[in-house]
Structure formats: C-alpha cells, structure tokens
Amino acid sequence: MRLQSRRRLLIGFVALLATFSGASRMDAAPPESIRNRLPDAVLRWGGDTEGGAPFQYFDPKTEKLVGFEVDIVEALVEQLRKDLAWPELKAEFVQYEWVSLPQGLEKRDFDIVVSGMEITNRNDAKMQFTRPYYLFAQQLTVRADEAKIDDLDDCRDEPIGTLSGSAADDLMKARLFSNIVTYDGQIEPYQDLRNGRVSAVLLDVPIAVYNTTGKPEFKSVGKLEGWGGYGIALRRDDDELAKAVDEALATIAKAGKVDEIVRKWNIWNAEQHQLEELTSSDKLLTWVAAQSGAPTGNPSAWTISVYGPLLLKAAGVTVALTFLSMAVAMTIGLIVAVCRLYGPGPVKWGALAYVEFFRGIPLLLLLTFLYYGLPEVGISLSAWQAAIIGFGLNYAAFEAEIYRSSIMAVPKGQWEAAQTLGMSEVTAFRRVIFPQAFRTALGPMTNDFVAMFKDTSLVSVISVVELTKQYQILARTSLKFVEIGALTALLYLMMSVPLGYLARYLEDKWSTGHK
Amino acid sequence: MSTAQMGNGTLGAPLVELTNLVKRYHGRAILDGISAKFGQGEITAMIGPSGGGKSTLLRSLNGLNTIDGGEVRVGEYRFTPGKTCDRETLQAVRRMVGMVFQDFQLFPHLTALGNVMEAPVQVAGKSRAEAETRGRELLKRVGLGERTGHYPSQLSGGQKQRVAIARALAMEPRVLLCDEITSALDPELKHEVLDVLEDLRDDGLTILMVTHEIGFARRAANRVVVLAEGKIVEEGPPQQVIDAPITERTQRFLKNVLG
C-alpha cells in the first residue's frame, strides 16, 4: 500500500517538558511502590499537541509547550514532590494522538493522561479517573452575522461541526441531530464555520474560548449545556499512583491553584465552584447524571443491530467514494498517458510533470490543501468534491503510468497493421491499441481499486465518515474493538474480493481474444 | 499526371513506379537507387538474400518507411523525401495498397470476422451489415467460412494468414503487398496461403510479394525481381530469371536457396 495512515501512532516523539527544582527537603522516603512504579523518577503524561490549544500546545513564538493542562501538571508534580518527599521527580510529556490515548495508557507508553479527557462510565472498564480538575460544558459558536440560530435546538438539521468522538459529538448523536459533521482536529470545525461549510460548531468551552477569542467573525450563543468533568486518567491497576495523584490534585485545588490556572486561561465560569464538592469520579458522574441531557455511555447497549447499520452506511460511503474517484482517476490518467506518449514536446513534459508531482506529494497533504487551503483563494469545495478530486488527481498519476506501459506493450506491428488498413492514428489507437492495452492494464488497475478502498480512510481529515473512521468511532465508543473490527474487515473483504473475481473473470474471458 | 494510367486494367500499365529510390539506415544504403514499374494486374515476386532490401522496398510503397532519395509513385500519389509525412497522401495511398505481414498482426481482441470488418466500418464508413456480408464472403473465399467467429488465438498459422489476406482485401485495394507471408508457417500449411494468392491473380490485383518460395514464384508470378545489396541485380519472367539466370549474383543466390 502506497499510503501512510494518519492513524499511525506518533509514539517516539517524546518531549522532555521540564525539570523542576527547589522542592522542599524532607527526610521521609517516598512510598516504595511508587518509587518502583517510576524507577527513573519521571512521571510521564500523555497528551496531544496537535490542535491541542488551550490544553497543551507549542507556543508558536517561543516553541515551548504551554497550556492550561501544562500548568496543572506543573502544579501537580510540584505537590507530588512535596507529598512524596521526592525532589528528583520530574514530569515528561509524551505526544500521542488524542483518540488513541486510552490505548497508549494501556500499553504503558505513559503513566497518566491529562488531555481534556472526559470522565465517563464507559472508559472505566480499562481506566480509572481522579477527581475532576475542570468542569466543561458545550458552547455553541456561530458566525457573527448569523440571525437564525440562538441555541442548539435551532440547528437540529443544520450542518454542525464538532470533534469526532467528543462529548459534543455524543450529545448531538444522543439528541438525534441529523447533520453532524465531525473532524479529527479542533481547528478545522471553526475554519469550516468561517468558510460557510457548517452553520455552527459545538465544542467544549476551553476549545471554543481559545478558537473564538479575539475573532469578531464568531459569536457564542445559547446556554452552556452537556456538562461533564475532565479528570486525570490512569491504568485500572495503578491504584497507588492514582491515590497519590488524586491527593496532590485535591491539595492544589484546595490551595486555589487550579482556580488560578483556569482563570489565567480565561476558561473560568461560576460552575467551577462545584469542584469543591465533586471529590471523586463517582461523585462527578452522579452530578453529571443530575444535569439534564448529559448522556453516559454503556457498552452493553452497542449490539450489532445498533452498530451494524452504521457500518453498512459507512461502507456505502467507501464504495461510492472509491468508484467516483476511480472514474476521475481513469479518465485523467488516460489523458495524461496519451499526452506523455504522443504529445508534442511541451505537452509531453507537462504530462511527465503531472505524474511526478501528484505521485510525489502525500495524498493527505493534497486533501488538506484542497479542502482547507483553497477557501483562502475563494474556492470552497464540499468535502466530497475535495475527496473525489484529491483521490482522482493522485491516482490518475499512477493510472497514467499503468496505461502508458500497457500501451507500449502492444506490438509495433499492430500499429502498422492498422495503418496499412488506412486507419488514422486516432482510429488505430481507439480501435486497435487501446482495447489491447486495457486488458494488460486490468490487473494493475484492480490492484489500485482495492488499494483505494482502503486509502479512502484518509478522508476523515476532511470530515467525511467512511468505513475505517466509523469503525474507530464505534470501537472507541463501545470498546468492542475486536467484534466491530472483525465485521469491518469482513465488509472490506466483501468489497475487494468480488472485484478481484470480476477482474479474473474478464481476464479469462478476454484471453481467448488474445494471442 | 500524364504517367498515371489509372484503372484501365491493362497488364503492364505502371500503377506503381519507383524512380531511383534510396533508403538509408545509419548511413548505409539499404535501397541504393531502385527504379522499377509494376503494372496493373501483375504479380511480382521479389527474391534475394536476407538484408538485400526486399522488405524495406515494400514498406516504402505504403509509407511505413520514409525514403531518402528518388520517388515512389502509387497511382496519382507520390512520395518523395520529406513529403512522405503528408497525412492525406499517406491515407490515400494506404487505401489503395493493402499489406499482409509475415507475423500476421491480426487484431487479437477481434474475431476473424471482426478483423475483416474493422477497416471497412471504421475507415471506409460502410454499414456494419454491409461490411459483415462482404466479410463473410471474403472469409469464405479464403476457405474460412466456418471460422468467422473464431479469435486469432483459436486459429492455426495458415488460417491466421488467410484471415489477414481477407482483412486486406476488405478495403478493396488495388495493390497487395505480401511480406514473406509464408515464412512463419509450417511447410504443410504454406500451400493454403499460396493457393489463396494464386486464386487472386485473376482479380486484376497488383501483387508484390517478397518470398522465399522459389517454386511458387515460378508458377504464379509474371515477373521475378532479384534484389541484392540494395540493387536490382536481375529481373524478368520467372522462366528466365529462375531457370536461366544471367548474373552471377542470381546464380549464387539460387544455388544457395535450392541447394
């Protein structure tokens, strides 16, 4: 497969955050079990800086890791050094893709997660949470000139953007919104709101505040709803560390440090006073349940009759996207191949440049450029248009090379035979050369078809939910990775295997009409 | 165009004329000043050693080769050096001149009938029905009336070559170029193809064949031309050239071929 999946984990990019010094000297040794848990005196915390503002991100000016959670961790570790009498203790940031953080925790790539992670029931199967350090709610943002939308219920059927798998996503799904547009990053929904592709964006308060502050083209409307709490996540079996972290968090909260940080980042609201009462994840959940409209996940509710239709619909998207893109790719590919073979000098060079260019740039870059970049010059494509054009242009480069070699593989004598019968070059190509070349190209083309079925998973970056994306959403929501994964794999095979059979059937059928 | 004696059916009228024809490859003269006339209805066998320029001469007649000197005239059309790329002249000449190749070059994706119908429909603009009727007649004539639906891969070499002849005839050419059309065939299959050629002699078709079939040349040709080292070394009726060659070069060649 020629494409790298964006979903590949970004392990390995480990940023050493900071070395804290000057902790108070105490003689008591830290509890033995925690010392064993953190043998090199480093507490590794997982998070995602990609679109991570204001939680954690690299300041574009200083290139330092900053964010309200960075401040929280800093205060937390300072407290831990005191609590454990362990002045060497350091915090180290581990970059991870946000949606994969629970898996990273389980794989021990880091010890704790501090990354705007919502405390829910469904996560508790594999993780445990400390008490909440922040209470979030969903903030609806619209364009400043928006007149029709005053609160969430006004956009029940409007295209409304949010982060895939986020609490806002869940909230709208639970309320059966019909036109949710999900993104992998949190900057993109606001870009598309500005470009007019969505009518509103619903996202957590910190994200909304960060992305709309100082931007007069946006306004916030409606009441805050969909309350929940961010907690620090740890492995289920990591009780000792969990207790220490929770106690340290309690101490800094009581000392007003959490409040101070939250105010510093401009995301404070009156509701944060509730944190004084919500001293465990269970208490938080009870409080959340008491708030109206806040959904909580339940793995047993995810039966095949629930996720099956969703997967099938996504498979339909994959098939439609593949066939439309391939039609574009085959058309452009043939034109490029013919230009390369028979065009006059400049046309030939142009065709070669096309092949080298589109073969050489990553598809992900092309898709992102078409969808998010072109609006800057006034061209706004829908996600489907961008996807089909992007895949079409990229695959056309590969198809062109297949056609070119297939055409060159037709014996020269066939041209001569056609010409001596009086055929023009165009007729000879159309009636004699192309039909033979097409048969040669059929095998490699089938390969590309199958490859494209899988490559279409890239379109999740431009908010189209196809089969792989739907699998990720469902699996992370239900935690049924194996069950839903097997069904997803089966669906992919049901697309690619018949295609292989069709190609072999045609090859067999045509082989009698070949020498 | 006074030299063009067109369509009068007279044996010996120069339908095709070569004047001092020169063709070079990498500086070497493959055809070194050839002058010859080929009359309407005449069958000319071209013999001679390999590399003597026989195939090159044939390919100069329908523009598969460009030429480097002299002139080729086919009917009213002329090829001269630098003028051979003229598309209209090329098309017109190719409509008049059919060609059959040593390695058949049938279109593998079409049936025997499809091969024969393709040019009449695509080039001559005939209706499919008309082209099909004519195609079936031609295939019957070459003894393949029962094989119209077969693909080239399902036919023997002799059958393929007969389809190729029918395909060339479907465009109703006035000249047929045959480039060693029996060389790729098993000995027992050659006669099928040669029989077909002999059968065509009475149609008034001008045939130029490059061949190694000396016996057939003697029986079927009006004229034999011996080509060696890019020059015509001897020409005349077969009885003269084959049975009583004058030049040493022809004698040597025939001795080698006939053993």
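Please determine, by comparing only the residues of region A:428-445 that are out of contact with any His (no Cβ under 7 Å at 6 or more places or on another chain) and open to solvent by 20 Å² or more (accessible area, probe 1.4 Å), which one is farthest from the other protein chains (Cβ to nearest Cβ).
In the first step, residues of region A:428-445 are kept if they are out of contact with any His (no Cβ under 7 Å at 6 or more places or on another chain); the result is A:428-434, A:437-438, A:440-445.
Remaining after also requiring open to solvent by 20 Å² or more (accessible area, probe 1.4 Å): A:429-431, A:434, A:438, A:440, A:443-444.
Numbers: A:429: 12, A:430: 9, A:431: 6, A:434: 10, A:438: 9, A:440: 11, A:443: 16, A:444: 18 Å.
By that ranking, first place goes to A:444.
Candidates A:336, A:328, A:306, A:319: the one that is open to solvent by less than 70 Å² (accessible area, probe 1.4 Å), of a type in the set (Val, Ile, Thr), over 26 Å from residue A:495 (Cβ atoms) and in contact with a helix residue (DSSP H, G or I) (Cβ under 9 Å, 6 or more places away or on another chain) is A:336.
Scan region A:446-459 for residues that are open to solvent by 10 Å² or more (accessible area, probe 1.4 Å) and either modelled with pLDDT under 90 or not charged (D, E, K, R) (or both) and the total you get is 8. Checking each residue in region B:109-128 for being farther than 16 Å from residue B:161 by Cα, assigned to a loop (DSSP other than H, G, I, E, B) and more than 7 Å from chain A (Cβ to nearest Cβ) picks out B:124, B:125, B:126, B:127. Of all residues in region A:84-94, exactly one satisfies the criterion of being surrounded by fewer than 18 Cβ atoms within 10 Å (Cβ to Cβ) and touching a helix residue (DSSP H, G or I) at 6+ places or on another chain (Cβ under 7 Å), namely A:87.
Each residue in region A:460-515 was checked for being crowded, with 17+ Cβ neighbours inside 10 Å, within 14 Å of chain B (Cβ to nearest Cβ) and either in contact (Cβ under 8 Å) with a residue 12 or more places away in the chain or touching an Asp or Glu at 6+ places or on another chain (Cβ under 8 Å) (or both), and 1 pass. Scan region A:82-109 for residues that are of a type outside the set (Lys, Arg), in a strand (DSSP E or B) and closer than 16 Å to residue A:38 by Cα and the total you get is 4.
Taking region B:159-215 on its own, how many of its residues are under 16 Å from residue B:101 (Cβ atoms) and within 11 Å of the chain's Cα centre (by Cα)? Total satisfying the criteria: 16.
Residues in region A:186-239 that are of a type in the set (Val, Ile, Thr) and closer than 24 Å to residue A:102 by Cα: A:187, A:205, A:207, A:232. Out of B:158, B:145, I need the residue that is more than 14 Å from every other protein chain (Cβ to nearest Cβ), at pLDDT below 95, within 30 Å of residue B:187 (Cβ to Cβ) and in a helix (DSSP H, G or I). Which one? The match here is B:158. For region A:422-460, which residues satisfy the criterion of being more than 26 Å from residue B:90 (Cα to Cα), among the aliphatic types (A, V, I, L, M) and in contact with a Ser or Thr (Cβ under 7 Å, 6 or more places away or on another chain)? A:441, A:450, A:452, listed by residue number. A single member of A:400, A:417 is under 30 Å from residue B:179 (Cβ atoms) and in a helix (DSSP H, G or I), and it is A:417.
Under the condition of being of a type in the set (D, E, K, R) and assigned to a strand (DSSP E or B), which residue from region B:26-47 is most open to solvent (accessible area, probe 1.4 Å)? Can you show your working first?
Just the residues of region B:26-47 that are of a type in the set (D, E, K, R), to begin with: B:28, B:32, B:37, B:42.
Of the ones still in play, those that are also assigned to a strand (DSSP E or B) are B:28, B:32, B:37.
Details: B:28: 147, B:32: 65, B:37: 116 Å².
Out of the qualifying residues, it is B:28.
If the condition is being closer than 17 Å to residue A:267 by Cα and open to solvent by less than 10 Å² (accessible area, probe 1.4 Å), then region A:40-57 contributes A:52, A:53, A:54, A:56. Taking region B:48-62 as the range and being more than 13 Å from the chain's Cα centre (by Cα) and either crowded, with 24+ Cβ neighbours inside 10 Å or touching a residue at least 24 places away in the same chain (Cβ under 8 Å) (or both) as the test, the residues that pass are B:48, B:49, B:52, B:53. Residues of region B:67-108 that are assigned to a loop (DSSP other than H, G, I, E, B), of a type in the set (A, V, I, L, M) and facing another protein chain (nearest Cβ under 9 Å): B:106 alone. For region A:95-125, filtering for residues that are surrounded by fewer than 22 Cβ atoms within 10 Å (Cβ to Cβ) and among the aliphatic types (A, V, I, L, M) leaves 2.
The strands (runs of 3 or more DSSP E) located wholly in region A:110-228 that include 3 or more residues which are in contact (Cβ under 8 Å) with a residue 24 or more places away in the chain, more than 30 Å from residue A:247 (Cβ to Cβ) and out of contact with any Phe, Trp or Tyr (no Cβ under 9 Å at 6 or more places or on another chain) occupy A:180-183.
If you filter region B:226-259 down to residues that are out of contact with any Ser or Thr (no Cβ under 6 Å at 6 or more places or on another chain) and in a strand (DSSP E or B), you find that the one that is farthest from residue B:34 (Cα to Cα) is B:236.
When the residues of region A:387-423 are filtered to those that are of a type in the set (D, E, K, R) and open to solvent by less than 30 Å² (accessible area, probe 1.4 Å), which remaining residue is nearest to the other protein chains (Cβ to nearest Cβ)? For region A:387-423, the residue satisfying everything is A:416. Would region B:178-198 turn up any residue that is crowded, with 19+ Cβ neighbours inside 10 Å and either assigned to a strand (DSSP E or B) or of a type in the set (Phe, Trp, Tyr) (or both)? Yes, because at least one residue in region B:178-198 is crowded, with 19+ Cβ neighbours inside 10 Å and either assigned to a strand (DSSP E or B) or of a type in the set (Phe, Trp, Tyr) (or both). Restricting region A:267-292 to residues that are open to solvent by 30 Å² or more (accessible area, probe 1.4 Å) and touching a strand residue (DSSP E or B) at 6+ places or on another chain (Cβ under 7 Å) leaves a set whose member that is modelled with the lowest pLDDT is A:291.
The values are calculated or read from the model by the stated rules, or taken from the named source; none is laboratory data. None of the values given here were measured: they were computed from a predicted structure. Note: ideal-geometry Cβ built from the backbone for every residue, glycine included; neighbour counts use all protein chains shown. These area figures cover heavy atoms from the full protein model, side chains too; ligands, DNA and RNA do not enter into them. Shrake-Rupley method; radii C 1.70, N 1.55, O 1.52, S 1.80 Å.
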